[in-house]
Amino acid sequence: MADNHDDRCHVPVLSWWELWPMLAWGAYTVYLYATGRIFFLLQRIYGHIALAGACLLLAAFVYGWGMRLRRLRAERRRQAEDREAGRLDALRPLCICGAGEAGWGRYVRSLAFLVPLVVGFSLPARGVNALAAVQWGAGDVAMMAQLAAQKETERTEMRGEYGWTTLTGVAQRLSAGRQEKVGAMAFIARKKGQPRDQFYLVRFMMNCCAACAQPVAVPARLDEAALRGRGFDPKRVLAALDEDQWVNAYGRLDPEGEVLWVEDITFLEREPDDPYL
Amino acid sequence: MARLPTGGIDRRDKVKIAVLAAAVLAIPAAIVLPWVHRHLEAFFSGARAQLFGQVLVAILLEAFPFVLIGATISGLVEVFLPPERLARLIPRRLPLRLLMAAGAGIILPVCECGIVPVARRLLRKGLPIEMAVVFMLAGPIVNPMVVASTAVAFVGQGLSLPMTVARVACGVTVAMLVGLAVYAWFGRGSARDAAPAADDAHTHSGCAEAHGRHGPDGAAGSVVANVLSHIVHDFLLLGGYLLLGSLLAAGLQAFMPRDLLVSVGKTPVLATAAMMLMAFLLNVCSEADAFLAAAFAQFSFAGRLGFLVFGPMLDVKLVAMYLGAFPKRMLLAVLLLVPPLCLTLSELAGWVVAMLMG
């Protein structure tokens, strides 16, 4: 295709269509990293790797753009000289402006990079939601125990009568058959058709990215008598327990029923900065 | 003396026109864009759409740096490794060729996203197709990072050594068997002629790279420019296919419950097939998949091994990337042979480990 073109063109010049996705993705990733939103989607180490990748993309863009400008300037000079001399090489403009490149594929591919960018900018800054917990296997006790075993959770502190731990700690204690009073931070999820008074306390464990996050889910129910004793109206508590609502839940473990009976609860206004375990 | 009008537009006029055009476009943009953004935000606040979006963006964010690493290696290979030198490195005997390709993943430690541009480039350079297949399939499994993460993930279950050895052994065996089959199918020689159309269309602003004119010509700037142009091209080409695969994967993750797959955990062969299907749908990076496999405690050793061997070879995003990078016959061979081989070898390895460990 281009064998017959000017020798001066043998260092390729990147077209605007090739360069803009690099700028867009580089800038978008840096934005996600700077605002901390990247950690809602990627595990920490992968977040840092993504930033390094973004810097490479931006560097490639800057270099490519600079190269393009230099070549354009040189070409304009040559064309001016050619005009003065009364000759015009018909092929040379093609290798600069990118005309004559193969097909529409590259333009479609280039524009396709817009799709995830638009989606990304429209997403709320939050972690994986309750629907994912249900879709991805919340409630599988064997898996939950194994997941919990991957994390060190023996850092218990007492808050009142409750030992405060992470949700993995709660899951481990439950699967180990321990009857304890514990508290943990989590969000609410329910399976389809599950009664409102039965729910899961869920947090996700992130291995690499949101696509492979695994839910650690502890089945829970409200202990209405205990809640009343602490001045709560169980009906109002139940009404406020929507999916994705973040709570600090305190209760007693019932290993036989494989459930946490919630005796005290605090509703959080927003999810924590790091929603993952 | 007054200058005669030349009919052209000078630089100042161009700037004025650009500023005027920007001002005219800015007004509707200022109205339309916030409106579009508001509606999109409302749409993605829905649980399923949100999940779809999160998975899509997460897979891309995670995979792009590795594709970029692969594209960089690919660009360096293109510029600094002439086909003649590559030809001299290739052993004549088939078993040696396959072993060399399987071991190359240790020297070029890239994961499954990054290895596609490298394998594609080597294929274009004249690497025999059977070697490209073995390198592509075994590379992400013998990668030292992957071996280390597998060993660490299964320490708690006392399966660190058997799982790591079984993963590497099964991965290399599957890759070599597929390589042999491809060799038998394609015959001798490289697959340069059979490369997909996208390869032939690979040009940079009219400069055809396939003509071999991009070797280092002494000027450092032009070498960097050549490498860069190949990086950009590979990134865009495979990034486009990665995007397609990610869209599919995100759709499957957001709309398909995993309960059905998890429910077959205790049925021997079915469990391994289910885990392989799970690996295909989840698109987990090979450097982190061992931690996920370790969590599927209700599945047998063979099931989890199937997940670890099959995932780096085939998943939704990888199939999309293979489509853009390799000849269709090669892709067909991989699609037809990898699943049954992974299933059989995982079951066999599971049986052997069960015998050895009592």
Practice task
Considering only residues that are among the charged types (D, E, K, R) and out of contact with any strand residue (DSSP E or B) (no Cβ under 9 Å at 6 or more places or on another chain), look in segment B:31-82 and name the one that is farthest from the other protein chains (Cβ to nearest Cβ).
Solution key: B:E78
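One line per residue, one yes/no per condition, for (1) outside the structural domain of A:Q43 (by TED's automatic domain parsing); (2) out of contact with any helix residue (DSSP H, G or I) (no Cβ under 7 Å at 6 or more places or on another chain); (3) at pLDDT 85 or above:
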site	(1), (2), (3)
A:P116	no, no, yes
A:M158	yes, yes, no
A:V170	yes, yes, yes
A:E180	yes, no, yes
A:A184	yes, no, yes
A:F187	yes, no, yes
A:Q194	yes, yes, yes
A:F199	yes, yes, yes
A:N207	yes, no, no
Handout entry: Members of segment A:194-252 found to be among the β-branched types (V, I, T) and closer than 22 Å to B:L292 by Cα, listed by number
Key = A:V202, A:V216, A:V218
Fill in the blank from the handout: Requiring at least 3 residues that are under 30 Å from B:L247 (Cβ atoms), the helices (runs of 4 or more DSSP H) wholly within segment B:1-98 are B:11-43, B:47-80
Problem - Residue in segment A:161-179 that is nearest to A:D264 (Cα to Cα), counting only those that are assigned to a loop (DSSP other than H, G, I, E, B) and touching a strand residue (DSSP E or B) at 6+ places or on another chain (Cβ under 8 Å) - result: A:E161
Completion exercise
Scanning segment B:148-161 residue by residue, those part of a helix (DSSP H, G or I) and surrounded by fewer than 19 Cβ atoms within 10 Å (Cβ to Cβ) turn out to be B:A148, B:A151, B:V152, B:V155, B:G156, B:Q157, B:S160, B:L161
Exercise for the section: Can you confirm whether segment B:51-65 contains a residue that is surrounded by fewer than 24 Cβ atoms within 10 Å (Cβ to Cβ) and under 20 Å from B:F310 (Cα atoms)? Expected result: no
Handout entry: Top-ranked residue of segment A:187-204 - restricted to ones that are farther than 24 Å from A:Y276 by Cβ and basic (K, R), ranked as surrounded by the fewest Cβ atoms within 10 Å (Cβ to Cβ)
Key = A:K192
Completion exercise
Here the residues within segment B:27-77 that are in contact (Cβ under 8 Å) with a residue 60 or more places away in the chain, charged (D, E, K, R) and either touching a Gly at 6+ places or on another chain (Cβ under 8 Å) or farther than 17 Å from A:A130 by Cα (or both) are B:E62
Fill in the blank from the handout: Among helices (runs of 4 or more DSSP H) entirely inside segment B:284-358, those with 2 or more residues being of a type in the set (K, R) are B:328-357
Completion exercise
A careful count of residues in segment B:123-132 that are under 18 Å from B:L323 (Cβ atoms) and of a type outside the set (V, I, T) gives 3
Exercise for the section: Give the residue, chosen from B:G240, B:G251, B:G245, that is farther than 22 Å from B:G114 by Cα, in contact (Cβ under 8 Å) with a residue 40 or more places away in the chain and either in contact with a Gly (Cβ under 8 Å, 6 or more places away or on another chain) or more than 8 Å from every other protein chain (Cβ to nearest Cβ) (or both). Expected result: B:G251
Exercise for the section: Restrict the check to segment B:260-273 and report whether at least one residue is within 25 Å of the chain's Cα centre (by Cα) and surrounded by fewer than 19 Cβ atoms within 10 Å (Cβ to Cβ). Expected result: no
Practice task
Considering every residue within segment B:97-104, establish whether at least one is closer than 30 Å to A:N207 by Cβ and surrounded by fewer than 24 Cβ atoms within 10 Å (Cβ to Cβ).
Solution key: yes
Handout entry: Pair list, Cβ < 8 Å and 6+ apart or interchain, from segment A:15-36 residues that are more than 7 Å from every other protein chain (Cβ to nearest Cβ) to residues that are β-branched (V, I, T) and buried (at least 22 other Cβ atoms within 10 Å of the Cβ)
Key = A:L19/B:V232; A:L32/A:I38
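The values are calculated or read from the model by the stated rules, or taken from the named source; none is laboratory data. Please read all numbers here as calculations on a predicted model, not as lab measurements. As a convention, Cβ positions derive from the backbone with ideal geometry for all residues, glycine included, and neighbour counts pool all protein chains shown.
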